[in-house]
Each structure stands twice: as structure tokens, then as C-alpha cells.
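To start, the structure itself, in C-alpha cells.
FYI, it's all coordinate maths here, none of it is from the lab. Computed from a prediction, not measured in an experiment: that's the story for all the values here. Cβ placement follows ideal geometry from the backbone for every residue including glycine, while neighbour counts extend to all protein chains displayed.
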Amino acid sequence: MIELRPGDTRYPALLGAIPAPPPLFVRGELVDDDTLALAIVGSRRPTPYGLAVAERLASDLAARGVTIVSGLARGIDAAAHRGALAAGGRTIAVLGCGLDVVYPPENVALARTIEAHGAVVSQFAAGVPALPGHFPARNRTLAGLALGVVVVEAAEKSGALITAGFAGDLGRETFAVPGRITSPSSAGANRLIQDGAKLVTCWQDIVSELPEPWRRAVRGPLASTDGPPRPEIGSDEGRMFRLLAPDEPQHIEELIARAGLEPARAATTLMTLELGGWARQLTGQRWVSVDTRARRV
């Protein structure tokens, strides 16, 4: 087990972009490719439909190089981890207890398998039990590790909805799988769709909503071999890119104020530009543009 703190070169970049990122205790290995990550969460008492959908989405995404993040809970979480593992992909489990106190106990073997094909992480020190008060903080960390959160079956009051709420607060995407209107297990997910979450029927629905640099990183039909595309004018990336200059470093706080974005969303936008080769971070959280061909569009 190792401990990673914000600022450590091995600390997850997506999580490091959120306000007040927590320290992480890690079993297994976190790698740079885990930046292309999506969370799949949902009910602890799923229907067979929910389990099948969670496994299929996780498998389809993991087979294309997407790391699957979930909470190792009973039901949808465990199905998502298993789907990723079945596809030979990577997965990260985020615990609400110490790493030596795997909860629920029936998922101990699953946790060991995840360690060998990804990582099991926690912000809680060894010996800390799985208490109800720990899970909101765990859910925030889970959302922070991913580009977006996919909810597969969730009741009206569900921890999965809390995770989706954190995703929105942190500037990450929210997705939901529709379910039967008569099923209490789908009431929360259906409500998310009514409130604006992207409706998901397949893995392409999820990937198509990601910013272009992340879509390009996905292996498969949506991947492109062209050069880095210009940030779209009306997008967050386009707005932020227009504020950058190649020879005038600007502090992130100045960019946040000028762009009019929430801090977490601004940080994610800058990371997306950096991944696409359009921006570069200097020391002291200062940013410059890299390619000036389309800076003023």
C-alpha cells in the first residue's frame, strides 16, 4: 500500500483538478491512462436488467481503453468492475473505509482481482471502518476520478444520485440509463434524465458526449487518426482557448474569472486543452497556448 498526496507526480490528474482533493491510499497501480476514466454506479439491489446493462457498458468501454471507476458495493458497482475485468480492461474501486477493511466482505476476492488489473483506493487510513458518514466523501472522490458518472438503476434516494450530483458540481458529465417507469429501482435514474442527464443506451452515447481529445483517446469506431482538432468556438474549451496566449502566461485564477466558469470545470477544461496539445501548464499554475494557428477564431 502506498499513500499519494495532491501534488505527487503519481496522483491522479483528474482528481487533482477538483477543489480540496484528498490524500489517497492505493493498492495496485494507478497509471497515466487512467485519466481516460468513467464511473458506473447504481443500486445495491439491482434487477437482472440493471446488472446486465452495467456489465455490458463497462465491458464495452473497458475494451476500448476506458478505465472503469466504481465503489465495489453490492449490485451495480460490482457488476461494473466485473464487466471491465471480463474485457481485459482496467478498473478502479473507491472504498469508504480503510483498504484493509474491504466492504462488503463478499467482495474481498473481487478487490484482490481489481488490484491486479487496476487499483483499489481510499482516502481513509488503514483500520477505518465502513461508516455511513464516510460514503458521501467517498462518492465525491469517485466522481473526481472520472470524466463522467453513469447511473444504472437508482431509487429516488440513492448514493448513486449523490455521486451524480458531485459530478455536476465538479464540472464532470452525468449520464443515466433509462428504466421502466413502474420500477422503483429506476426512479432516480429516470429523474436524472428529466433533469438533463444524457440518456444512455450504449457505450457510444457516453463517449460522444466527451470533449474531442478524450473521444480521440478511445479505441474503436469513434477514434480518429487526424491531428488535434481546433477547439469548438462555442465550447468551454473554445472559450478558454481564446483567452490564452503563447507568450503571456496567465494564472488559473485569472482564467477562471475571465472565462466565467466554475473553478472545477475550468480546471477540467484546461486539462482537456493540454491533452489536445493546445495549452501548456507552467510553474505556479500559469497557462499558455501552444498552437496559435486558430487562437482568434
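Brief remarks on what is shown
- Isotropic mean projected area of the C-alpha convex hull, the range 102-148 (nm²): 3.9
- Against the main long axis of the alpha-carbon atoms of the chain, helix 263-275 sits at an angle near 70°.
- Counting only DSSP beta bridges whose two residues both lie in the chain, roughly 35 percent are antiparallel.
- Shape call, the chain: gyration tensor on alpha carbons, a/c limit 1.5: prolate
- Put simply, the C-alpha atoms of the range 127-205 give a gyration tensor, and the ellipsoid matching it has half-axes of 22, 16, 10 Å, longest first.
- Length gained when the stretch Asp8-Gln194 is fully extended (0.36 nm per residue, less Cα-Cα span): 63.0 nm
- Residue with peak Gaussian network fluctuation, the chain [Cα springs, cutoff 10 Å], from Gly234, Gly83, Gly188: Gly234
- Cα→Cβ-extended label distance, 7 Å offset, between Glu156 and Asp205, nm: 2.4
- Estimated inter-spin distance, Ala52 and Arg280, nm [label 7 Å along Cα→Cβ]: 5.2
- Simple spin-label estimate for Val288 and Val108 gives 5.5 nm between the two label positions (7 Å along the Cα-to-Cβ direction from each Cα).
- In the chain, helical runs assigned H by DSSP with n ≥ 4 each contribute -39500 (n - 2.57); averaged across all residues and rounded to the nearest 500, the mean residue ellipticity at 222 nm is -10500 deg cm²/dmol.
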